[in-house]
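What follows is a single structure, written as structure tokens, with notes after it.
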Amino acid sequence: MKEVEDSDWMLIGYITASDYRSRVLDALNESPATPTTIGDRTGLELTHVSRTLSELRERDIVELLVPEDTHKGRIYGLTDTGEAAADRAQEVDA
């Protein structure tokens, strides 16, 4: 059990270590969104949003909700891991 908790905290640490990751996670915790909408919600430039989404996808925190070959209207959402991380990260920030 402790090992799972340690990996959860490592994930939270990874997210909270970056303002970009934290802000994108918060934006997606509201609802699934396109990179443009995430940029509008966070005030981040699209290039930062796109790079951050890629980082979060690599860690299975964020997932693409439309087919991979979709180029316009790419909608991202949180995975189950991402939802749990968002809840935990809010506890840390509180």
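Here are some notes:
- Checking every residue in segment 23-31 against the condition of being more than 18 Å from residue 84 (Cα to Cα) and either hydroxyl-bearing (Ser, Thr, Tyr) or in contact (Cβ under 8 Å) with a residue 12 or more places away in the chain (or both) gives zero matches.
- Where helices (runs of 4 or more DSSP H) sit wholly within segment 1-49, those with at least 1 residues that are closer than 13 Å to residue 62 by Cβ, modelled with pLDDT of 95 or more and among the hydroxyl-bearing types (Ser, Thr, Tyr) occupy 19-30.
- The set of residues in segment 28-66 being of a type outside the set (A, V, I, L, M), under 15 Å from residue 18 (Cβ atoms) and in contact with a helix residue (DSSP H, G or I) (Cβ under 6 Å, 6 or more places away or on another chain) consists of 42, 48, 50, 52.
- For segment 51-82, the set of residues classified as surrounded by 15 or more Cβ atoms within 10 Å (Cβ to Cβ), over 9 Å from the mean Cα position of the chain (by Cα) and assigned to a helix (DSSP H, G or I) consists of 81 only.
- For residue 33, the test of being of a type in the set (Gly, Ala, Ser) and under 12 Å from the mean Cα position of the chain (by Cα) is passed.
- Of all residues making up segment 1-50, the number that are of a type in the set (A, V, I, L, M), farther than 15 Å from residue 89 by Cβ and crowded, with 16+ Cβ neighbours inside 10 Å: 4
The values are calculated or read from the model by the stated rules, or taken from the named source; none is laboratory data. All figures in this text were calculated on a predicted structure; none of them were measured in a lab. When we count neighbours, we look across all protein chains shown, and the Cβ atoms used for this are built from the backbone with ideal geometry, even at glycine.
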